[in-house]
Every structure is written in C-alpha cells, then in structure tokens.
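Since the structure comes first, as structure tokens, the remarks are kept for the end.
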Amino acid sequence: MKKKQSLNITLAIFLGLVLGIVFGLFMPGRYEFLLPVIELLSGVYMNALQMMIYPLVFCSLIVGIQGIGSVSATGRIGAQSVLYFVGTTLAASLLGLFLPRALGLGNGVTIEMAEANVEATQFTSIMDTVKNLIPANPIAAFANGNMLQVLVFAIIVGVACLKLGEKAAPFVGVVEAVNDLAVEIISVVMRLTPVGVFCSIAGVIYANGTETMLALGTVLIALYAVMAVYALVVYGGIVKVLGRCRAGTFFAKVLPAALNAFGTCSSSATLPISKRCADELGVPNEVSSLALPLGATINMDAVSIVMSFMVVFFANACGVELSFGMLAVVLLSNALLSIGTPGVPGGAIASFAALSVIAGLPAGIMGVYISVNTLCDMGATCCNVLGDLACSVAMKETVK
C-alpha cells in the first residue's frame, strides 16, 4: 500500500510539472488574470514546506546522533559526507569546464549585452562561512534561515546529549516528539506537492516567456544533457558501488524529491521530501539527518557545472581566451564559490558574478546570464538533490 501511494504521488507531481509548463506557455493573454491566484498558491506551498525545514533538520539530526550512539561515529559520517561533496563538486566543475571547450559551444554566437538591474542573493565567501560556523545567537540562526549554523548548533547539542546520557533523556524525548510532529505535518504537505509544483513552474515559465526559453536554446539543451549524464553515471555508479543499491531503484524512489526540486528551484525547501525518499531507500535516520541538510548547504555539483559551462560559453562568444592556467584557477574558484552558494532560488547569481570577474568576462554578460538563470537553476537544483540522496545511500554502510 505504501509503495502504491508513493507511485501515485510521483505521477501526480510529474503531471503537475507538465501541466504547469504547458499552462505557463499559454497563460499570457487568455489566462493572465489567474496569475495572482497562481502566485498565491505557489507562495502558500513554499511557506508550508519551509515552515518545518528547520525544526525537522534540528530535531532529526539530534535524534540521528542518539541513534549513532558514539561521538566518533558521528564525526566519521560527517567527515565522509564532506569529502564526498567536495570530491563530486570538483569533478562536476572539471566536466563543466572542459566539455563545452571541447565542443566549442559559443563560438560564432553574438550576444546582446544587457545591464543587470537585479539584486543578487548575498554571497558569503568560504572564509566567512568557516568563521561563522558557530552561531553567536542560535535563535537568530533559525530566524534568519542560516542552515549551516542550525546544522552546527544541532550537532553540538546532539553530541552534548550523547555525552550526558540519561541526564539529557527528558530533552531528547521532547526533541523526538517534535521530530515526529514535523514528519506528520510534512506528510500532509506532500499531498499538496502536485498543486505547488504546478503553480511554481507555471509562474517561472510565464515570467521568462517563450522568447527567453528559445534564446540560448542550444547551450541550455547541452547543459541539461551534461547534468543528466553526470547524474546517471556518477550518482548511479555511487549508489550501486558504495550503497549497494540498483541505480534504477534509486532514481525511481527519489523522483518525488527531484521533481519538487525542479519546480521550486530550492534544495533547502525540498529537504522534507528528500528525507521521506531516503527513508524509502532504507537509509538510517542517523545518516540522512546529517547528510541531507549538509548536502543542501554545501553540495552544489550542478551549480559548478552551470557556472563552469556558462563561463566557457560566454568566453567563446565574447572572444575571451581562457588559458589552461586560467581554467585551473576557475576550477578551484568555482568549487569554493559553489560550496558557499545558498540552496535557494537565485543563489548562484552572486557566485557567477564573482567567477566571471575572475575569468575576465565583460560585465554586460551578467544581464544575459540572469535572464536564463532560473532555467539553469531548475535543472541544477534537481541534480543537486539527487547528489544529496546519493550521498545518503552511499553513507548508509558507514553505520553498520
């Protein structure tokens, strides 16, 4: 019965996604009066998802640490997850740099420069990220939505509870109750996901329009093809070799999270759905509760692909020569920048702005990039969420 329900919700989400794309294409003119309603429903859905993200991450992580049973095992899972994310990010950035260079994408393309009159998401450098790991005010970390600080605070509290043992049992009991409450609320929200994805994607398509979608069509198709191949080969190989899970089974189980990520462009907002997918894959809570929030914060494989890809494309189109030395600099910078990219819609804009300066690209290309950023972000977020779940499946052997 549970398997049938999972299949039904997956089909419903996919249907919502397809109908949302079609509706977004035909909304201008006849159905434009429905735009306020669509924006309202999309906002309500996103708020409902985000409402339980931080309680779920905080409580689930503490419960997970208690399940691990030792401080050393907690550190081992965290360290292995970080190594996994850094390694796959470097591999993704390398692929994104050299594939479009080998194919000569952008050569002979004329780009109309446009000034970017858009406020980009604030970017935090890797040094600032490390410096601000410990929240001076944990309440502010929750209020401001600082996922990394919430994650670190939860680990600190969880380890302290582990050391205190029975003395911390009353607090752990409350945390477990809140965790169960969050899971139940998310189960209800999941039923609204098809409608939420429909409204989110319809608004995105309407805002960009058919002209924007067709412009730069070749590079977007190539970009999506690279991300798809990367996910199938790299993540499929990881779950099969390390997680001892069939790739087909993995991709079938994680489809609800992938479709939601594609429609909402937010890996953070997809966390509750990713957690349910991880549970269905048999990933222990002590692993998924740490690996998934950590992945939503620092796993930006597809963002690395997008930024590398677009840097080479714009460099070819603008006649900017990228030497192998510069490619190496871009590779390392891209890995660091993508790790600091927030897991929210538009989070890659500031990162790309910094990377384009490093590569010596004209400032005017930012206007072009921003015009297609959302279209790139949809596929990138979907790919990143797959990477988070692949890490969880790979790490599940760690607790045995």
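Quick note: the coordinates plus some simple rules give every number you see, no bench work behind them. Because the structure is a prediction, the values reported are computed rather than measured. Glycine also receives a Cβ, built like all others from the backbone with ideal geometry; neighbour counts cover every protein chain displayed.
Between Phe33 and Glu321, the C-beta separation translates, for a Förster distance of 60 Å, into a calculated FRET efficiency of about 0.75. Put simply, when 59-65, 380-386, 267-273 are sorted by average Cβ atoms within 10 angstrom per residue, most first, you get 380-386, 267-273, 59-65.
Shown here is the pair-distance distribution of segment 220-299: with all Cα-Cα distances grouped in 10 Å bins from zero up to the longest one, the shares run 17, 50, 31, 2 percent.
Look at where the Cα atoms of segment 224-268 and of segment 154-175 average out, and the two centres are 34 Å apart. Please tell me which of these pairs span more than 27 angstrom C-alpha to C-alpha: Lys131/Lys167; Lys163/Lys396; Lys240/Lys275? Long pairs (Cα-Cα over 27 Å): Lys131/Lys167.
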